[in-house]
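Engineer: Sharing a structure, written as structure tokens. Questions coming.
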Amino acid sequence: MSQIVISGEKTTKFEKKFKLCVGTGRLGLALQKEYLDHLKLVQEKIGFAYIRGHGLLHDDVGIYREVEIEGKKQPFYNFTYIDRIFDAFLAHNIRPLVEIGFMPKALASGTQTIFYWEGNVTPPKDYKQWETLIKVTVRHFIERYGLEEVKQWPFEIWNEPNLVNFWKNADRAEYFKLYQVTAEAIKAVHPELKVGGPAICGGSDHWITDFLHFCERENVPVDFVSRHAYTSAKPHKTTFEYYYQKLEQPEDMLHQFRSVRELINQSPFPDLPFYITEYNTSYSPVNPVHDTPLNAVYLARILSEAGDSVDLFSYWTFSDVFEEADIPKAIFHGGFGLVALHGIPKPTFHLFSFFNQLGETCLYRDDRLIVTKRDDGSIALVAWNVVMEEGDGFEQQINLKLAIDAKEVFIKRQTVDEQHANPWRVWQQMGRPRFPKPAQVDTLKEAAIPLLRTEKREGLQGWLLLSFTLTKNEVTFIEVMPVKDETPTYAGLDDRLIISEHN
């Protein structure tokens with residue numbers, strides 16, 4: 001078996017771009033207690049910088065209303081709920097990446113909607129009123145949170161306008177008009193506010209080229225380019241409750257990132273930041289893969305390598321408090337979230353937590369492993385074994401020879417695989433209770449804890465030989481930390497006497 005030698009002589013910087021942003025269900029869900037409980041957990045263990053979600057201008061947030069005064073309808077701008085939502089985000093040390101959408105019904109030109117919660121996806125009936133709405137809203141944000149704070153919020157205009165479901169007729173010219181009016185309105189409030197788009201999904205990357213040429217030709221402001229990425233094919237089976245889809249290999253997503261980066265490089269704005277404002281395996285909120293260890297191990301390489309091509313990439317989403325396909329019908333229902341209902345961490349939650357604990361000096365990286373060094377000298381690595389096949393077996397052996405400074409080290413290993421930190425499997429064993437009782441929830445939380453293994457080892461002439469086996473769909477996190485042995489400071493210590501005074 002080959003051995004990977006890591007001397008530490010050649011290093012690169014590992015930037016944790018995977019934690020720059022995370023997605024959320026529509027913003028109005030932030031008024032629910034469970035949503036905020038999940039956000040608190042995610043921020044404690046991962047600490048995302050930004051949060052992005054639909055529904056800023058949806059009627060359940062209620063920013064735009066029309067009232068009748070002396071027989072004449074007039075706009076009324078109500079910031080009661082959005083203030084509460086953004087206040088909560090900032091209190092959890094996360095800033096909004098503001099997606100502008102969808103259309104308030106009173107301002108909509110049509111009745112087409114999307115999702116259970118009926119987000120209106122038609123253009124405004126009056127672009128002047130829309131422009132005023134944008135200006136009034138952005139001014140309010142600045143008045144409440146201060147200019148220096150709001151200057152740090154990217155403003156992304158609409159969501160996936162290349163799809164007829166998200167934008168009436170997927171009308172590109174109409175979207176460009178919406179973008180221009182909206183971007184110029186935001187810049188009119190303050191020229192240093194950041195605007196971008198076109199927030200398309202994969203399969204229509206010519207939109208990006210056309211969008212950037214449009215911005216150049218019409219002198220329309222653009223500060224970043226945004227796109228979404230998923231790697232699931234069309235469903236091969238659908239039911240009332242589930243989508244089942246084939247996944248491409250993880251390399252497919254990395255290829256998407258690189259190819260779009262190249263399009264931007266060849267555009268009139270080659271230096272623009274590139275944001276992936278949504279990504280996951282499946283684009284469906286009812287695909288069971290999201291609940292499994294496969295989802296976590298599949299995305300490990302994305303977290304490791306995507307930062308080479310993009311400036312920000314946002315996992316969709318942090319919580320299963322999410323209602324695009326109706327109110328969730330079971331505790332595990334294939335939702336996007338890192339955290340399942342009742343605050344149960346899924347395997348992908350632990351993947352992000354593991355990567356968050358890596359150092360910023362990369363000692364070694366390949367398609368199944370990343371090894372880093374922290375500022376305190378300890379070594380932290382994540383290794384994974386993707387298996388998208390049925391059956392048993394598929395173990396993978398990894399042998400490392402690590403240069404270390406310490407004579408003795410403490411090794412801590414945490415593991416997520418099909419047998420450990422897999423509450424979805426335990427839920428199956430319980431008989432898949434839709435609405436579990438409190439005792440069952442407690443069991444599922446216990447089942448969501450990674451397997452922990454520890455040992456103390458001596459180095460050999462400045463090297464540590466570290467060998468471990470990865471099981472099917474395992475992601476493992478290993479820390480190697482110098483030991484400062486204080487045993488001699490304990491007077492009269494003799495562990496043999498625990499068993500018998502005669503030993």
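Engineer: How much length is gained on full extension from residue 60 to residue 139, taking 0.36 nm per residue of separation minus their Cα-Cα distance?
Structural biologist: That pair, residue 60 and residue 139, stretches by 26.4 nm at full extension.
Engineer: How much net charge surrounds residue 192 when only other residues with a Cβ under 15 Å from its Cβ are counted (Lys, Arg +1; Asp, Glu -1)?
Structural biologist: 0
Engineer: Hey, another quick one. Please list, or write none, the aspartates and glutamates whose alpha carbon is within less than 16 Å of the alpha carbon of residue 128, excluding same-chain residues fewer than 8 places away.
Structural biologist: 66, 174, 184
Engineer: Mind checking the angle between helix 250-265 and the chain's longest principal axis? C-alpha axes, 0 to 90 degrees, to the nearest 10.
Structural biologist: 50 degrees
Engineer: Quick check: pseudo-label points 7 Å beyond the Cα along Cα→Cβ at residue 5 and residue 388, how many nm apart are they?
Structural biologist: So the two model labels end up 3.6 nm from each other.
Engineer: Now for a different question. Tell me whether region 291-336 comes out rounded, prolate or oblate; compute the Cα gyration tensor, take square roots of the eigenvalues as a ≥ b ≥ c, and use a/c under 1.5 as the rounded threshold.
Structural biologist: oblate
Engineer: Please report the carbon-and-sulfur percent of the accessible area for region 438-483; probe 1.4 Å, protein heavy atoms only, DNA, RNA and ligands left out.
Structural biologist: Reported share for carbon and sulfur atoms: 55 percent.
Engineer: What percent does the relative contact order of the chain come to when contacts are Cα pairs within less than 8 Å and at least six residues apart?
Structural biologist: Here the relative contact order equals 15 percent.
Engineer: Here is a further query. Does anyone have the angle between helix 438-447 and the longest principal axis of the chain? Alpha-carbon axes, 0 to 90°, nearest 10?
Structural biologist: In the chain, helix 438-447 runs at an angle near 60 degrees to the longest axis.
Engineer: Here's something else I'd like to know. Over 32 Å between Cα atoms, which of 151/234; 13/45; 40/401 qualify?
Structural biologist: Numbers: 151/234 39 Å; 13/45 22 Å; 40/401 38 Å.
Result: 151/234; 40/401 exceed 32 Å.
Engineer: For Cα pairs less than 8 Å apart in space and 6+ apart in sequence, what is the mean separation divided by the residue count of region 20-174, i.e. the relative contact order in percent?
Structural biologist: Values: 238 pairs, mean separation 32.1, N = 155.
Once normalised by length, the contact order is 21 percent.
Engineer: Give me the percent of accessible area attributable to carbon and sulfur for region 186-304, probe 1.4 angstrom.
Structural biologist: 50 percent
Engineer: Have a look at the DSSP beta bridges in the chain and tell me what percent are antiparallel, nearest 5.
Structural biologist: Just about 65 percent of them are antiparallel.
Engineer: Report, to the nearest whole %, how much of the accessible area of region 67-124 belongs to carbon and sulfur atoms, 1.4 Å probe, protein only. Kindly include the intermediate steps, with their values, before the conclusion.
Structural biologist: On the way: 1280 of 2750 Å².
Ligands and nucleic acids excluded, carbon and sulfur give 47 percent.
Engineer: Please report the accessible area of residue 443 (heavy atoms, 1.4 Å probe, ligands and nucleic acids excluded) in Å², nearest 10.
Structural biologist: The accessible area comes out at roughly 60 Å².
Engineer: Can you list the lysines whose alpha carbon sits under 17 Å from that of residue 437, skipping same-chain ones fewer than 8 residues off?
Structural biologist: Of all the lysines, those that pass the test against residue 437 - Cα under 17 Å, at least 8 places apart if same chain - are 329, 445.
Engineer: Tell me, what ³J(HN,Hα) does each residue in region 475-488 have, in order and in whole Hz, if you take phi through Karplus 6.51 cos²θ - 1.76 cosθ + 1.60 with θ = phi - 60° and put x for Gly and Pro?
Structural biologist: Computed from phi, the couplings for region 475-488 are 10, 10, 10, 10, 10, 10, 10, x, 9, 9, 7, 9, 3, x Hz.
Engineer: Per residue, how many Å² of accessible area does the chain show with a 1.4 Å probe?
Structural biologist: I get 44 Å² per residue for the chain.
Engineer: Over what distance in Å are the Cα centres of region 113-149 and region 338-383 separated?
Structural biologist: If we compute the Cα centre of each part, the gap is 37 Å.
Engineer: Note the angle between two axes, namely the Cα long axis of helix 127-145 and the longest principal axis of the Cα atoms of the chain, as a number of degrees from 0 to 90, rounded to the nearest 10.
Structural biologist: 50 degrees
Engineer: Between residue 69 and residue 188, what FRET efficiency follows from the Cβ-Cβ distance if R0 is 30 Å, with the result rounded to 0.05?
Structural biologist: 0.65
Engineer: Distance between the C-alpha centers of region 182-223 and region 52-87? Whole Å please.
Structural biologist: 25 Å
Engineer: Which value in deg cm²/dmol, rounded to the nearest 500, describes the helix-derived mean residue ellipticity at 222 nm for the chain, given -39,500 (n - 2.57) per DSSP H run of n ≥ 4 and division by the residue count?
Structural biologist: Value at 222 nm, helices only: -8500 deg cm²/dmol.
The values are calculated or read from the model by the stated rules, or taken from the named source; none is laboratory data. What you see is a predicted model, and the numbers here were worked out from it, not measured in a lab. No Cβ is skipped: glycine too gets one built from the backbone with ideal geometry, and neighbour counts run over all protein chains shown. Accessible surface is based on the protein model in full, side chains and every heavy atom, while ligands, DNA and RNA are left aside. Shrake-Rupley method; radii C 1.70, N 1.55, O 1.52, S 1.80 Å.
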